[in-house]
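The block underneath contains the structure these notes are about, expressed in C-alpha cells.
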Amino acid sequence: MKSINKYIIVAALATPLALTSCSDSFLEVTPPDKATVDEYFSSYDHIIEAMAATYNPMRQYDWNNSQYAPLTLCSDVMGDDVWPGGSGISDNQHLHKMFNFESTQNSSDALSGIWDQSFKGVRNANDVLRYIDNSKQSLTDAQYNTLSAEARTLRAFYYMQLWKFYGNIPFYMENLKAPYIAEQKQADEVYEAVISDLESAISLNALPMKWDDDNIGRMSQAAAYMIYAEMVMYQNDEARYQKALSFMQQIISDTDNYDLNPDYAGIFLESGEWTKESIFEICYKDDNAVRAWGDGVVNAGGTIYPRLIGPAGGVPEDGVDNGWGFEPVREETYNMFAEGDSRRDATVYDARKASYTKRYQDTGLWLKKYLPYTENNKDQKADGDLNFNNNLRIYRFAETLLNAAELLVRTNGDQTKAQEYLNRVHHRAGLTDNRAATIDNIIDERHLEFVGEGKRYWDLVRTGKAASTLTPDAYGYRTNTWSESKKYLPIPLSEIDAAHGTLKQNNY
C-alpha cells in the first residue's frame, strides 16, 4: 500500500502501543524520558504523536483481542450475504451466536473485542484533547482547531461503533479516575451527545477535505461528514437530514478530491488504496511488517482479515494463499447480481471448481475484496497470517452518492438529482438501464455495491427490514428471527462485573 511506516509510542497513554501511519511523515516518535506525560505532550509535534496513538485501536479491529472478529465481518454475519463458516459452530463461537441472534454475556459468546478497542480509542482521544487544552498557549489557533477537530472526530468514530453494537453504554468525555465508573447512558442519549459534539467539531471547519500525501490516513473533513451521515441515517433523525445532505453535497462538489473509481474491481487492489474514491481507510502494510503472535499482535504491520476469510489450503493456481474458511459468501448473494454487473466477479471469488479443503457452510464462494492473495503478504518480516497489506475501506465516494440520493428522497428534495446520484453508481457497474430514485432501489443498490463492507446489516435495521429479512434459512443454519430486542448485543459479563452494579445488561 502507499507508504506506511511503523511508529512506536511508549506507555504514556496507558500501555505500550504500536503505531501504523499511512504516510512517511505523519510522525516520528521519541518516547518520553523523565518528563511527565502532560509535560511531554505539550508541544504540537508531541501532540501529533499522541494523535497517532489514537488511530491504533481501529487497526486492532481485525484481531480484536484474539477474538478473530473483524469489524466488517461482525456486521456482515448478522446480515444476509455471508455465513460465519470456519471449522464449525464452536470455531469463533461468538460469530455463530451473533449470526443466529443468540449471543450471551459469557466470555465465549460475547463480542468483547470491539468493546475493548473502541473504548481504548475513546480514552486515547480524550487524552489528546486534554493535551491540546493544556497546551493552548503553545499552539497557533489553526493547530489548536485542527487537532481538536481531528481528535473529536476520532472519538465520534469509536463511540459510533459502541453505540451501534451495544447501544446503552458507559459514556464520558473526560477520562475516568478511580474507581473508573461512568454513567451508563441510553442509546438515544449517546447518539445526541456524540452527534452534537461532532457537529461542533465539524463547525470548526479546521480539517482539510482530504489530507496531502504526507498525512494520508488521518481523519479529514469529508470523513467527519461521512460519520455524521452514517449516525444520522441510522438514527433516522429527520431533523438532521438536511444537514447530513448538505455535507454529502459538499463532498460531491469537491471534484478535485473525490469521484468514483472507473474500475470497480480496482478499488480493492493495493493500487486502489486512497484513490479519489476513498474517503477513509484503516491502513495496513506488509513490507517489513513485524506484527507477530509472540508480541500479542500489537506491533505495526498488516492485517489478519484476509487469512480468516480465504478457502482452507488456498488455490495456488489463482494466487490465493491459505485461509481459515470464515465468511463464505452465500449462493443467493452471488446470484442477486444482474447479468453484466461487473460488481459480481469483483466481489465474489468463485472457487466451486477449484480444489481446496472444504469447511463448515462451504459454498465455494469467497469475498474477493479482501482475499488472501500470496502477493499481499510476501514482504512481511514476521508472521504471514497477520501481515496482509489490504487496507480496510471504511467510506467510499459511492456511499456519499447513495447517501445523498436517499436523503434527497427522504426530504422531498430534487428527485432528478437523486436519480443522477443513484445511477452514477449503477452505471459504473457496467449497467445501462436507469433506476428510479426510490428508497427500495437505493437500498438495493447499496446491497449490490457494499457486499462484505459491513453495511448491509445496519441498512436492514435502520430501514425496518431486518425482522422480515433476517429469518430462518432453508439450510438449517439460522434458526432464529431477528427482533427489536436483538438490536444491541449483550454487554460482556466482565464489564458488568467490573462496574459493580452500575452497568445494566441489554435486554437481548
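Each reported figure results from applying straightforward, stated rules to the coordinates on display, with no laboratory input. Worth saying up front: this structure is predicted, and the values here are computed from it rather than measured. No Cβ is skipped: glycine too gets one built from the backbone with ideal geometry, and neighbour counts run over all protein chains shown.
If R0 equals 60 Å, the separation of the Cβ atoms of N175 and E317 corresponds to a calculated FRET efficiency of about 0.70.
Model label points for E39 and T357, set 7 angstrom from Cα along the Cα-to-Cβ axis, are 5.6 nm apart. Give the residues of the range 229-262 whose amide nitrogen is closer than 16 Å to a point set 7 Å from the Cα of K417 in the direction of its Cβ. Answer for this model: 241-255. Of the labelled figures (1) 34; (2) 47; (3) 27, only one reflects percent of Cα pairs over 36 Å apart as derived from the coordinates, namely (3).
When only alpha carbons are used to place a centre, the range 428-445 and the range 136-171 end up 35 Å from one another. In summary, the helical segments of the chain meeting the span-like criteria, namely a full DSSP H run, a Cα extent along the axis of 27 angstrom or more and a mean Kyte-Doolittle hydropathy of at least -1.0, are 113-134, 141-166.
Segment A338..Q505, full-extension length gain: 55.7 nm, with 0.36 nm per residue of separation and the alpha-carbon distance subtracted. Measuring nothing but how far apart in sequence close Cα pairs (under 8 Å, 6+ apart) lie, relative to its length, the range 121-273 scores a relative contact order of 19 percent. Look at the Cα gyration tensor of the range 180-308: its axes a ≥ b ≥ c give a/c of at least 1.5 with a/b at or below b/c, and that counts as oblate.
For the pair S90 and S253, the difference between a 0.36 nm per residue extended length and the Cα-Cα distance amounts to 53.8 nm. Once backbone amide H atoms are built at 1.01 Å from N, G323 has A312, G313, G314 as its partners under 5 Å, excluding neighbours fewer than 5 places away on the same chain.
For G85, the amide hydrogen comes within under 5 Å of the amide hydrogens of E327, counting only partners 5 or more places away or on other chains and with H modelled in the peptide plane. Full extension of the chain between D497 and T481 gives 2.8 nm of extra length, using 0.36 nm per residue less the Cα-Cα distance.
Over the chain, Cα pairs under 8 Å with separation of 6+ residues give a relative contact order of 19 percent. Taking the number of Cβ atoms within 10 Å of each Cβ as an exposure proxy, the fewest-first ranking of H447, H94, H427 is H427, H447, H94. Mind listing which chymotrypsin sites (Phe, Trp or Tyr not before Pro) in the range 462-496 are in a DSSP loop and have 12 or fewer other Cβ atoms within 10 Å? Counting only loop positions with at most 12 other Cβ atoms within 10 Å, the chymotrypsin sites (Phe, Trp or Tyr not before Pro) in the range 462-496 are Y475. Legend: distances between Cα atoms for K368/K486; K136/K487; K164/K369; K120/K276; pairs beyond 32 Å are K136/K487. Return the FRET efficiency for the residue pair E270, V298: r is the Cβ-Cβ distance, R0 is 30 Å, and the value is rounded to the nearest 0.05. Approximately 0.80, to the nearest 0.05. Computed from backbone phi, the HN-Hα couplings of the range 74-82 come to 4, 5, 6, 5, 7, x, 10, 9, 9 Hz, rounded to whole numbers (Karplus: 6.51 cos²θ - 1.76 cosθ + 1.60, θ = phi - 60°; Gly and Pro given as x). Under 1.5 on a/c is rounded, so check that first for the range 293-348, then, if it is not, pick prolate when a/b is larger than b/c and oblate when it is not; a ≥ b ≥ c are the square roots of the alpha carbon gyration tensor eigenvalues. It is prolate, given that a/c is not under 1.5 and a/b is the larger ratio. Taking amide H positions as modeled 1.01 Å from N, with prolines and chain starts lacking one, the residues under 5 Å from A292 and 5 or more places away or on another chain are V297, V298, N299.
Peptide packing for 463-469, 66-72, 174-180 was compared via the average number of neighbouring C-beta atoms within 10 Å per residue; ordered from the highest value, the list is 66-72, 463-469, 174-180. Per-residue Karplus couplings for the range 294-301, computed as 6.51 cos²θ - 1.76 cosθ + 1.60 with θ equal to phi - 60°, are listed in order as x, 9, x, 6, 9, 6, 5, x Hz, Gly and Pro entered as x. Give the residues of the range 203-221 whose amide nitrogen is closer than 18 Å to a point set 7 Å from the Cα of D141 in the direction of its Cβ. So the set is 203-208.
For the range 71-92 versus the range 241-292, the inter-centroid distance based on Cα atoms is 25 Å.
By its C-alpha gyration tensor, with a ≥ b ≥ c as the square roots of the eigenvalues, how is the range 394-451 shaped: rounded for a/c under 1.5, else prolate for a/b larger than b/c, else oblate? The shape class here is oblate.
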